[in-house]
Amino acid sequence: MQHRVNEEGFTIIELLIATMLLGFVVVAFFSFFTSVINSPRLINENNLALNLARDRLEFLRQFENHSYDRDSTVWNTCPDGTTGVNPVSYTVTKDNIEFTVTSQIHSNTDSTLDATIRNDLDLIPVTVTVGWMSNGKKKSISSTTIFSKKY
């Protein structure tokens, strides 16, 4: 029997290592590919939520001189018919996504506000938060502004 001194080819260990490396590269590529495919949908969801928040703030801005009481938790009747306890929430469906829009008027005892804003009752800080479910995960955006009472 003859033995070759210089055998060519790969050992089983070399093949296993090469297969594992190739597997890592393929998994990384498909993870990146999946995130690239989902990006337009996520951007659309964020844009819809931002537009809902902006629309609600603009709606509330029309009535900033009346309808609000910063000294209590009661939200007086708004022109859209919403009444009740501050904050007020409602749901909207856009592009088959259910969004929850929450409007909150901050009271003058809200410690998260700057003291200057807390002490000036002519300033009305309002936060609108929009929440929704995306791929089984809860997402939300918030927008805060300060209205000034008109005289």
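Let me confirm something: among F99, F10, F33, F59, which residue is modelled with pLDDT of 75 or more, out of contact with any Pro (no Cβ under 9 Å at 6 or more places or on another chain) and part of a helix (DSSP H, G or I)? Let's see the steps before the verdict.
Numbers: F99 fails: part of a helix (DSSP H, G or I); F10 fails: part of a helix (DSSP H, G or I); F59 fails: out of contact with any Pro (no Cβ under 9 Å at 6 or more places or on another chain).
Just a single option satisfies the conditions, and that option is F33.
Considering each residue of the range 102-120, count those that are assigned to a loop (DSSP other than H, G, I, E, B) and touching a residue at least 24 places away in the same chain (Cβ under 8 Å), and give that number.
Total satisfying the criteria: 3.
With the requirement that a residue be surrounded by fewer than 20 Cβ atoms within 10 Å (Cβ to Cβ) and touching a Phe, Trp or Tyr at 6+ places or on another chain (Cβ under 6 Å), what does the range 44-60 give you?
Pass one, the range 44-60, residues surrounded by fewer than 20 Cβ atoms within 10 Å (Cβ to Cβ): 44, 46-48, 50-51, 54-55, 57-59.
Selection gives nothing.
Name every residue in the range 91-119 that is surrounded by fewer than 17 Cβ atoms within 10 Å (Cβ to Cβ), over 18 Å from R54 (Cα atoms) and not polar (S, T, N, Q), in order of residue number.
Passing the criteria: D110, D114, A115, I117.
Which ones in the range 121-130 are surrounded by 16 or more Cβ atoms within 10 Å (Cβ to Cβ) and free of Cβ contacts under 8 Å to residues at least 60 places away in the same chain?
L123, P125, T127
The values are calculated or read from the model by the stated rules, or taken from the named source; none is laboratory data. This structure is a prediction, so every number in the text was calculated from the model and none was measured. So basically every Cβ, Gly included, is an ideal-geometry build from the backbone, and we count neighbours across all protein chains shown.
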